[in-house]
Structure formats: C-alpha cells, structure tokens
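Beneath this line is the structure, given in structure tokens, with notes to follow.
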C-alpha cells in the first residue's frame, strides 16, 4: 500500500474538508454581512432615526458595519464547517 501524504478523516480527505470549509466560509462572508446590514438598517428606520430628510449617516453606518463583518463571518463559517465535518467523523 502506498502512502500519499494526505490523511483521510473517515471517508473524506483533509483537502476535501478544507475546500468545503473554505466554500462555506465564502458563503457566510457574503450572506451574513448582508443580513446584518439590512437588519441594522431596518431597525434604524423603525426606531425613527433614519428616513427621508436624514443626511445618510444611518445608511453609511449600516454599510460600514456590513463591511467590517465580512472577515469575522468568514472565520465563523470556516469554523462551523470544520467543527461539523470533524464531529461527524468522530461518531
């Protein structure tokens, strides 16, 4: 039997687990910041602080919060994917 250097965890290799984690991280980096941005924007408009006649500060605050959240959401997506993949193989 020949060793390839890629360790298999269960039936999946480390490369497939890593690619899956990277993919879920990218999806989380796209979806979660948009959800955060629109929820902050909606709460601001419902609270009455934003709307017609405002200077646009609420919109810029929501946009900057969405931009700042991209990297942490990517890390969360990768972490969740790795946790789920490695937990499934343990059982």
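Normalised radius of gyration (Cα atoms, divided by 2.2 N^0.38 Å) for region 12-91: 1.49.
Given R0 = 22 Å, the distance between the Cβ atoms of residue 88 and residue 31 translates into a calculated FRET efficiency of 0.45.
Bear in mind that the values in this text are calculations on the coordinates, not laboratory data. Just so we're clear, the structure is a prediction, and the values are computed from it rather than from any experiment. Positions of Cβ are backbone-derived with ideal geometry, glycine not excepted, and every protein chain shown enters the neighbour counts.
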